[in-house]
Structures are given as C-alpha cells and as structure tokens.
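What follows is a set of notes on a single structure, which appears directly below.
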Amino acid sequence: MNTKVFHNLSYGVYIISSLDGERPTGCTANSVMQITSSPATLALSMNHDNFTNSCIDKTGKFAVSILSEASDPSLIGRFGFQSGRDVDKFANITEPADENAVPYLGWQTCSVLSAKVVSSQDLGTH
C-alpha cells in the first residue's frame, strides 16, 4: 500500500469492500479517516446493521476504494441503496483483489487502501 495517499485523504465518498465467504460484497461510506501514518492506520465507521460490516467482522479485512469527482455516480447507488445480503453488488464487475484477497474498484477511483482490522470500538449504532 502506498501510504502517501493518507496525505490526500479527506471527507469523501468511498466504496468499502469485503468478503462474504468467497463472494465479494461492499457498501458506500463517507466515514474513513487517517489515524496515523506510521504505522499506517485508518478508522472506518460502519453501522452495525450493515451487511458489509458483518463481513468485515468475520474476515477482519476490507478495502477502501476512494471515489473521485469523475467516478460514475451510479456506483454510489449500486453499493449504497441495496443490501449485499440480497444482491451481488460485484455482478458483472471484474476487479482485481488486494494483498488480502479483497476485491476493490480500481477503475474510476483516486486510490485504494487495503486494511486489516487491528481493533474495534462499539459506539452503539456503529
């Protein structure tokens, strides 16, 4: 992972991906932030009821695809307005996987972050 991307991380829209067994899944999020640059650490806020959150809990890994202003707006709806429990959000999308075997959206993104969970904090709903 290129940690220089942390210097450009600001409020934005992200596609968070993980795995449901062998099947990729993901959701739209807007709460990702840098915690430290060394070691490279970020925080992600996910609703407990979100299917992607349960997949992250099970696998302990996820990827963050950072959308750009030029990204196709339909990605937000595809990954945000339906549940991965019911829909294969990666259907007809052939994407590479990061070093943790988590698929990510390489096209129409600024960059991608690959992450493993090192700790979590329960804040009620997230």
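The values are calculated or read from the model by the stated rules, or taken from the named source; none is laboratory data. Bear in mind that the values here come from a model prediction, so they are computed numbers and not experimental data. So basically every Cβ, Gly included, is an ideal-geometry build from the backbone, and we count neighbours across all protein chains shown. Side chains are part of the model used for accessible areas, which takes the heavy atoms of the whole protein and leaves out ligands, DNA and RNA. Shrake-Rupley method; radii C 1.70, N 1.55, O 1.52, S 1.80 Å.
Screening the candidates Asn53, Asn47 for the property of being over 16 Å from Thr109 (Cα atoms) and in contact with a His (Cβ under 6 Å, 6 or more places away or on another chain) yields one hit, Asn47.
Taken over region 79-126, the criterion of being open to solvent by less than 70 Å² (accessible area, probe 1.4 Å) and touching a helix residue (DSSP H, G or I) at 6+ places or on another chain (Cβ under 6 Å) is satisfied by Ser83, Gly84, Lys89, Ser111. Counting only strands (runs of 3 or more DSSP E) that fall entirely inside region 6-86 and contain at least 2 residues that are more than 19 Å from Val102 (Cβ to Cβ), the qualifying elements are 32-37.
Among (1) modelled with pLDDT of 90 or more; (2) within 24 Å of Val5 (Cα to Cα), there is one condition Ser83 misses while meeting the rest; what is its number? Single failed check for Ser83: (2).
Here is a check on your reading of the model: is Lys89 within 26 Å of Thr125 (Cα to Cα), touching a Gly at 6+ places or on another chain (Cβ under 6 Å) and not small (Gly, Ala, Ser)? So Lys89 fits the description; yes.
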